[in-house]
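What follows is a set of notes on a single structure, which appears directly below.
The values are calculated or read from the model by the stated rules, or taken from the named source; none is laboratory data. The structure presented is a predicted model; accordingly, all values stated were derived computationally and were not measured. Neighbour counts are summed over all protein chains in view; Cβ atoms, including those assigned to glycine, are modelled from backbone coordinates with ideal geometry.
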Protein chains: 4
Amino acid sequence: MKINGKRIMASNRIKKNNDSMSRSAMRRQREREYRCRTILSAAESLFARDGYHQTGMEKIADKAEMSVGAVYFYFKNKEDLLVNMIEDIGDLLRRILADAFERYGASMEGFKQAGYAFFDDFCINYPEKVAIVFRESVGQGPEVEEKRKEIFDKLNRDVSIALHRASEKEGVDFSSRYAAEVITVSILGIYERVAYHYLFWKRDTENLKQIGRDAVAFILGGINNLFGENRCS
Amino acid sequence: MKINGKRIMASNRIKKNNDSMSRSAMRRQREREYRCRTILSAAESLFARDGYHQTGMEKIADKAEMSVGAVYFYFKNKEDLLVNMIEDIGDLLRRILADAFERYGASMEGFKQAGYAFFDDFCINYPEKVAIVFRESVGQGPEVEEKRKEIFDKLNRDVSIALHRASEKEGVDFSSRYAAEVITVSILGIYERVAYHYLFWKRDTENLKQIGRDAVAFILGGINNLFGENRCS
Amino acid sequence: MKINGKRIMASNRIKKNNDSMSRSAMRRQREREYRCRTILSAAESLFARDGYHQTGMEKIADKAEMSVGAVYFYFKNKEDLLVNMIEDIGDLLRRILADAFERYGASMEGFKQAGYAFFDDFCINYPEKVAIVFRESVGQGPEVEEKRKEIFDKLNRDVSIALHRASEKEGVDFSSRYAAEVITVSILGIYERVAYHYLFWKRDTENLKQIGRDAVAFILGGINNLFGENRCS
Amino acid sequence: MKINGKRIMASNRIKKNNDSMSRSAMRRQREREYRCRTILSAAESLFARDGYHQTGMEKIADKAEMSVGAVYFYFKNKEDLLVNMIEDIGDLLRRILADAFERYGASMEGFKQAGYAFFDDFCINYPEKVAIVFRESVGQGPEVEEKRKEIFDKLNRDVSIALHRASEKEGVDFSSRYAAEVITVSILGIYERVAYHYLFWKRDTENLKQIGRDAVAFILGGINNLFGENRCS
DNA sequence: GATGAATGAGCGTTCATTCAT
DNA sequence: TATGAATGAACGCTCATTCAT
């Protein structure tokens, strides 16, 4: 996202200290953020519905009730829209997972709850965001792929840390050199594909809650198995 | 794929009975198949390297050492290229998995071996095909998505059947109404994301074998867990 | 200019040997050249009339009775159109000047005749080409400037050689280290500005012949003066 | 240039009589002029470096440390910027030439000195201004072309008058009906192209002084020749 | 069957200009 | 006066697809 010709990160949109700027500057700041969000929101729903390539910049501007130029004032190009979008979605998802995890004392139970939160909170409330991160942003040029990798890396790290914190309480650690990372990647893989499968292919939102329970049970089993292997050796 | 103006399925390319056609008809048939494969192969490596949208039909024709018109003679449009491609890849993958499974008497061991085969045979030997099914064909319009769904459905069914055959020998079945399908989807999700992560993001082909072992161990653990839940109830 | 995706020089358009290609290949070749010329001709008159920046590619395609895509098939972009145009014009001008010069035995008289030819043949018959080289191609990005420099360098070299050949007959040479080049550059500067002034600003085509005579007289005087300085030392 | 919504000529910027305005009005007047000059100066260096079309209004405002709106307050549009710029440059050049000419008693020697001044003072000290008048303002729409014509007309007139005044002392005049104007145009053509050639193409600033001497020698020779023709007839 | 030149709708992007604050 | 966010028409260019030869 560009502000005054310079690109700033999505997180920078939140003003640092509000006492260092005048009343009008603050209002302008607020309006800028509002318009950014409006554009991203318009783009998000269009990308999710019609696909990234099928959505023209004019359509986005129309939906956001702005001119094309305005969109380009806030984002340097179409790809930038997608990059910012998945960055925001990544942050949201991490927050949802972290909240659920912490709420249960960073335990194995918290880990389970985070899994439930993915399906119950994230997927059910934001199916469009699911479409963006898991469908529309796939295979879209280096910039987007780079950001995707970044997001997934962060998620992996989060999961990994959570797993360690939770497992420490159980007094176990991981056997294989790769086990921890593989678990982490596998878990996200399960979340991704299960969400994709039931949201986009079966369009079965009703049972997603139960499906999520099963998926999480599967995951916990897998983890235990690797723990078990460790314990036996 | 079109032959004589009519679209035929990839599997139809193989002639039914060779005694019903003349010597020259057979030669023509052989040449047709050869050109088809040449085109798909050219497109596959270009899609994998440069991306589906970054690859023009002219580039494909160039690489296949044909004219653009020739490509359109064999495939009705660019999307059709992708559809046929992922169909072939789907078939190949199913064959690889089935072979490994059957070789060990359709048992839980066979199930494990099929997992190993995914990483050792499929991913390592055909990284470009991995790029096509798991990256380039994602989010590309209804026709492709339809075919993707079809492929994944078949794979899910294969895995499901295998799982049942293998588990029958162990004398267990699945508790939850969704458990079986969720396992199936989860397994493929793990395969997909683990392959993607280590092939495209970490570019760690060397340790893929060990990674595959871990992933499969994780999967078996997950399965056992759901079995266990079942047994307990 | 591009043929078969590869850029070829304008001079390459002329087929090297006509016995190495089939009847139909020759016809295609002829048609290609014809379309190239049609496009350049359309673009030339539009650039000359409306200006390079005021002329869109669609207008050019319209005037050439082709689609925009066709124009882009023959020329890689708008700038390429201008580059090829001024290259052709440069060649034409050199031919006109050389013909006039040689016709009079490469003497001082031939030199004078070349000057007359610039005004009588080039300016009067091709005022649009004058507009292109001396007006529309000025200040238009590095590629065009590069080609302009190339053309003027060639013209300078031609004039220089002509001057030497003619002056050898008179038994003189140039005094200052820079004199020869300065003369050369000055002569072209005179031709350029005089043509520009009377063609575009005074729109006085009628008296251009007499004007040319005066300009050439001025040039010859300048040359003699530098010669004279030489002789005196 | 606009002041209070009305466009005034660059020369009008200089206040007529300072006793007719208050202290604060004078300060405002001074600031206005300062900002005008700042903008023109910023635009000049950007046009010269990046080209007229490659330079956006925002860049100019940035360089002048103002807002885009401020630029539009002082100049009615981008073209107006260029028009004022070349007008100022034209005035400067005329002043430089006139000063040199007068300093030597409006003689043939003064004429020569004016030529030297063009290269030594104008070209060497203001290469950016050379780029503007001789490169960036060429072929840029009717308003600019009109002003260019106006400037060159004035210069031609100056040269013409100077030539007459100088030649009267030598007791000669011009033969052909067009001779005087042709000489005038030719001289400026030589100055223009020689400056362009060595400043932008050969980037040879070091020898520009000597080059100027040669160019002027060439010019004087040309003049003498036309004089001579006159004398003989 | 094979060719490759031709099509043209559609796209992403720019940028001079305006105007509410 | 000064600001800078907003406008939107216009542009250059791409590329999947067609079709005469």
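Do we have D:ALA106 as of a type in the set (A, V, I, L, M) and touching a residue at least 60 places away in the same chain (Cβ under 8 Å) here?
Working: of a type in the set (A, V, I, L, M): yes; touching a residue at least 60 places away in the same chain (Cβ under 8 Å): yes.
In short, yes.
All but one of (1) modelled with pLDDT of 85 or more; (2) under 19 Å from B:GLY110 (Cα atoms); (3) of a type in the set (Asp, Glu) hold for B:GLU192; which doesn't?
(2)
Looking at the stretch C:32-58, which of the residues that are within 17 Å of C:PHE75 (Cβ to Cβ), near DNA strand F (Cβ under 10 Å from one of its atoms) and loosely packed, with under 15 Cβ neighbours inside 10 Å is nearest to the other protein chains (Cβ to nearest Cβ)?
The extreme case among them is C:GLY56.
Could you list, in sequence order, the residues of the stretch C:60-98 that are part of a helix (DSSP H, G or I), among the charged types (D, E, K, R), farther than 20 Å from C:GLU136 by Cα and within 16 Å of DNA strand E (Cβ to nearest atom)? First the steps, then the outcome.
The first filter runs over the stretch C:60-98 and keeps only residues part of a helix (DSSP H, G or I), leaving C:60-63, C:68-74, C:78-98.
Within this subset, residues satisfying the condition of being among the charged types (D, E, K, R) are C:62-63, C:78-80, C:87-88, C:91, C:94-95.
Cutting the leftovers down to farther than 20 Å from C:GLU136 by Cα gives us C:62, C:95.
Scanning the stretch C:60-98 gives a single hit, C:ASP62.
Hey, does the stretch C:71-94 have a residue that's assigned by TED's automatic domain parsing to the domain that holds C:SER137 and more than 22 Å from C:LYS147 (Cα to Cα)?
Taking every residue of the stretch C:71-94 in turn, none turns out to be assigned by TED's automatic domain parsing to the domain that holds C:SER137 and more than 22 Å from C:LYS147 (Cα to Cα).
Any idea how many residues of the stretch B:66-97 are more than 14 Å from every other protein chain (Cβ to nearest Cβ), within 10 Å of DNA strand F (Cβ to nearest atom) and touching a residue at least 60 places away in the same chain (Cβ under 8 Å)?
4
Is it the case that the stretch B:136-151 has a residue that's surrounded by fewer than 22 Cβ atoms within 10 Å (Cβ to Cβ), within 16 Å of DNA strand E (Cβ to nearest atom) and touching a residue at least 60 places away in the same chain (Cβ under 8 Å)?
yes
May I ask you to list the residues in the stretch B:205-233 that are at pLDDT 60 or above, at the interface with another protein chain (Cβ under 8 Å from one of its Cβ atoms) and in contact with a Phe, Trp or Tyr (Cβ under 9 Å, 6 or more places away or on another chain)?
Pass one, the stretch B:205-233, residues at pLDDT 60 or above: B:205-224.
After this cut, where a residue has to be at the interface with another protein chain (Cβ under 8 Å from one of its Cβ atoms) as well, the list is B:207, B:210-211, B:213-215, B:217-224.
Residues satisfying the conditions are B:ASN207, B:GLN210, B:ILE211, B:ARG213, B:ASP214, B:ALA215, B:ILE219, B:LEU220, B:GLY221, B:GLY222, B:ILE223.
What's the number of the only condition in (1) modelled with pLDDT of 95 or more; (2) surrounded by 15 or more Cβ atoms within 10 Å (Cβ to Cβ) that B:ASP99 fails to meet?
Evaluating B:ASP99 over (1) modelled with pLDDT of 95 or more; (2) surrounded by 15 or more Cβ atoms within 10 Å (Cβ to Cβ) leaves (2) as the failure.
Tell me which residues, restricted to the stretch B:121-146, are under 11 Å from the mean Cα position of the chain (by Cα) and over 14 Å from B:SER45 (Cβ atoms).
Listed by number, the residues that qualify are B:PHE122, B:CYS123, B:VAL133, B:PHE134.
Where residues in the stretch B:6-41 are among the hydrophobic types (A, V, I, L, M, F, W, C) and away from DNA strand E (no atom under 14 Å from the Cβ), which of them is modelled with the lowest pLDDT? Quick ask: steps written out before the conclusion?
Residues of the stretch B:6-41 among the hydrophobic types (A, V, I, L, M, F, W, C): B:8-10, B:14, B:21, B:25-26, B:36, B:39-40.
Then keep just the ones that are away from DNA strand E (no atom under 14 Å from the Cβ); that gives B:9-10, B:14, B:40.
On the way: B:MET9: 41, B:ALA10: 42, B:ILE14: 38, B:LEU40: 97.
Restricting to residues being among the hydrophobic types (A, V, I, L, M, F, W, C) and away from DNA strand E (no atom under 14 Å from the Cβ), the top hit is B:ILE14.
Looking only at the stretch C:18-59, how many residues end up being over 23 Å from C:ALA131 (Cα atoms) and not in a helix (DSSP H, G or I)?
So the answer is 2.
Can you confirm whether B:GLU181 is closer than 21 Å to A:ASP214 by Cβ, charged (D, E, K, R) and within 12 Å of chain A (Cβ to nearest Cβ)?
Against the criterion (closer than 21 Å to A:ASP214 by Cβ, charged (D, E, K, R) and within 12 Å of chain A (Cβ to nearest Cβ)), B:GLU181 qualifies.
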